1. When the residues of segment 178-198 are filtered to those that are buried (at least 20 other Cβ atoms within 10 Å of the Cβ) and touching a strand residue (DSSP E or B) at 6+ places or on another chain (Cβ under 8 Å), which remaining residue is farthest from S276 (Cα to Cα)?
2. Out of the residues in segment 412-467 that are among the aromatic types (F, W, Y) and touching a residue at least 12 places away in the same chain (Cβ under 8 Å), which is surrounded by the fewest Cβ atoms within 10 Å (Cβ to Cβ)?
3. Looking only at segment 384-404, filter to residues that are part of a strand (DSSP E or B) and in contact (Cβ under 8 Å) with a residue 12 or more places away in the chain; which one of those is surrounded by the most Cβ atoms within 10 Å (Cβ to Cβ)?
4. Under 9 Å between Cβ atoms, at least 6 apart or on separate chains: pull out the pairs that start in segment 1-24 with a residue that is more than 18 Å from N69 (Cα to Cα) and assigned by TED's automatic domain parsing to the domain that holds L44 and end on any residue that is part of a loop (DSSP other than H, G, I, E, B) and basic (K, R).
5. Has segment 167-177 got at least one residue that is at pLDDT below 85 and assigned to a loop (DSSP other than H, G, I, E, B)?
6. Can you find, within segment 369-390, the residue that is nearest to D255 (Cα to Cα) among those that are modelled with pLDDT under 80 and in contact with a strand residue (DSSP E or B) (Cβ under 6 Å, 6 or more places away or on another chain)?
7. Looking at L244, is it outside any loop (DSSP other than H, G, I, E, B), among the aliphatic types (A, V, I, L, M), in the same structural domain as D212 (by TED's automatic domain parsing) and touching a Phe, Trp or Tyr at 6+ places or on another chain (Cβ under 9 Å)?
8. Condition first: in a helix (DSSP H, G or I) and crowded, with 21+ Cβ neighbours inside 10 Å. Now tell me which residues in segment 292-308 satisfy that.
Amino acid sequence: NSDLQNNQLEEIDDDAFNGFDSMSQLFLNNNSLHRITSLTLNGLIDVRILNLNANKLICIKNDTFINMNKLETLSLNNNQIKYVTSSLFDHLRLLSELNLESNPLICNCHMKWFKQNKILIGQPECKSLIKLRNIPISNTTDDEFVCHPTEMDMCDAFQSKFCPQNCTCYDHIVRCSHAQLKLIPYEEMPIDTEELYLDSNNIEKVPMELTDRLTHLLRIDLSYNKLRSIQGHLFSKLTRLETLILSYNKIQCLDSNAFNGLKNLRMLSLHGNEISTISEGTFKDLAILSHIALGGNPFYCDCHLAWLSSWIKADFVEPGIARCAAPSPMTNKLLLTSPISFFQCYNKSESDSYQEKCSSCLNNTNPCSNNGTCRLLPTGKYVCDCLPSFHGEHCEKLVDTCLDNPCRQQGTCHVLLNGRYQCNCLAGFTGRQCEINTDDCFSNNCQNNGTCIDKINDYSCLCLPLFT
């Protein structure tokens with residue numbers, strides 16, 4: 001059991017309860033939670049009693065409790081919930097008690113199921129329509145539960161509060177087309193977004209944080225931007241993604257792991273980029289891909305690209321638009337119809353130059369910051385060898401030379417540039433690390449042949465007999 005009540009909690013991280021699969025009761029009442037999703041409750045497969053009373057919950061979505069098949073008692077009273085649909089409980093076969101009292105319930109068509117439901121306890125009341133206000137739902141008639149055409153789903157209304165400027169967010173769809181974006185405002189997007197339109201902007205890079213956050217995505221449109229490369233494992237957490245549109249960018253290089261994890265991808269568009277070669281195995285995870293758009297790219301059709309022609313021919317996923325730009329014997333030939341024997345490395349130095357163009361260490365965008373040295377590994381990946389002052393995957397972090405506080409005798413450490421530090425010593429100490437006790441006897445004032453005894457920022461005199 002877990003008792004987290006009365007803790008002023010405002011938010012719980014996704015997957016915070018992973019590993020608590022034997023917990024049977026969870027008490028989160030009397031907090032300030034404004035949002036609970038299926039990811040919040042992920043891992044609580046054995047919980048039978050869940051108490052969320054006295055929070056600030058506004059929206060309960062249909063999949064919120066989707067993994068809690070053993071739930072028997074659910075308490076949601078004294079929140080700000082407007083309504084819930086019957087489908088919320090379709091998979092909660094064991095639920096026997098539901099408490100929704102003291103919520104501002106809207107008695108519309110979505111709430112008609114309440115009257116026939118036998119799991120409700122207490123007397124939840126309508127709070128919206130004047131004629132039904134404060135009337136127990138059990139005392140209303142079916143024809144009073146109506147929806148108006150302009151009425152917005154309250155969960156969608158709640159989610160719309162999380163929407164980037166110049167974008168529209170509704171029904172799990174975020175549209176940021178023509179929004180003059182240079183950076184993707186992923187932190188402002190609803191986490192349950194399923195379709196994301198970022199086309200026709202000035203985006204140069206897709207941050208890993210975007211795909212880490214929006215794991216429910218089914219469709220992404222990033223066409224007509226300024227992307228130059230796609231890094232490895234960028235989309236690996238988007239296991240539900242079905243459509244990925246990257247057309248009309250400036251992509252030259254695809255990491256061999258760029259599309260790892262996209263096992264449900266059906267459509268991939270790379271049309272209209274600057275791709276000249278693709279490493280074998282780049283599409284290995286695209287098991288159910290039915291269409292790939294590769295036209296409008298200057299493919300260098302040598303022996304290194306023979307695999308792509310074979311792959312296209314095997315399942316006809318490319319409709320015969322992609323053409324070769326070079327070498328000269330292959331100019332303007334289709335990848336789909338050209339015999340595999342035509343894909344030859346006629347000029348080794350020229351072939352190598354095309355292969356090296358997308359080497360992480362050899363292209364024009366050295367991934368290592370702060371003068372770090374890029375070192376290519378046999379696997380095709382790379383590591384950055386950093387100068388002593390820097391660390392991190394790309395040498396992007398300044399070494400904190402004060403982390404282990406090299407200053408002795410309670411001296412204060414200050415980080416300087418180029419991996420250096422400075423110790424501000426307490427009175428009585430000196431040295432680079434405050435390791436030297438200042439000799440206060442250096443200019444002592446002991447008279448009559450008295451002996452000076454050095455102390456910390458002080459001294460004393462040991463006097464001969466007859467002197468004090």
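The values are calculated or read from the model by the stated rules, or taken from the named source; none is laboratory data. Just so we're clear, the structure is a prediction, and the values are computed from it rather than from any experiment. No Cβ is skipped: glycine too gets one built from the backbone with ideal geometry, and neighbour counts run over all protein chains shown.
1. Checking each candidate, the answer is P190.
2. Filtering segment 412-467 down to residues among the aromatic types (F, W, Y) leaves 421, 429, 442, 459, 467.
Those still in the list that are touching a residue at least 12 places away in the same chain (Cβ under 8 Å) too: 421, 429, 459, 467.
Details: Y421: 18, F429: 20, Y459: 17, F467: 11.
So, considering only residues that are among the aromatic types (F, W, Y) and touching a residue at least 12 places away in the same chain (Cβ under 8 Å), the one surrounded by the fewest Cβ atoms within 10 Å (Cβ to Cβ) is F467.
3. Here is the first cut: in segment 384-404, the residues part of a strand (DSSP E or B) are 384-385, 390-391, 397-398.
Pick out the ones that are also in contact (Cβ under 8 Å) with a residue 12 or more places away in the chain and you get 384-385, 390, 398.
Numbers: C384: 22, D385: 10, F390: 20, L398: 15.
Filtering segment 384-404 for residues that are part of a strand (DSSP E or B) and in contact (Cβ under 8 Å) with a residue 12 or more places away in the chain, the one surrounded by the most Cβ atoms within 10 Å (Cβ to Cβ) comes out as C384.
4. E10/K56; E11/R35; I12/R35
5. yes
6. Kept after step one, since they are modelled with pLDDT under 80, are these residues of segment 369-390: 375-382, 388-389.
Adding the requirement that they be in contact with a strand residue (DSSP E or B) (Cβ under 6 Å, 6 or more places away or on another chain) leaves 375-376, 382.
Values: R375: 16, L376: 13, Y382: 11 Å.
It comes out as Y382.
7. Details: outside any loop (DSSP other than H, G, I, E, B): yes; among the aliphatic types (A, V, I, L, M): yes; in the same structural domain as D212 (by TED's automatic domain parsing): yes; touching a Phe, Trp or Tyr at 6+ places or on another chain (Cβ under 9 Å): yes.
Here the answer is yes, as L244 does meet what is asked.
8. Of all residues in segment 292-308, those in a helix (DSSP H, G or I) come to 303-308.
Across segment 292-308, the qualifying residues are L305, L308.
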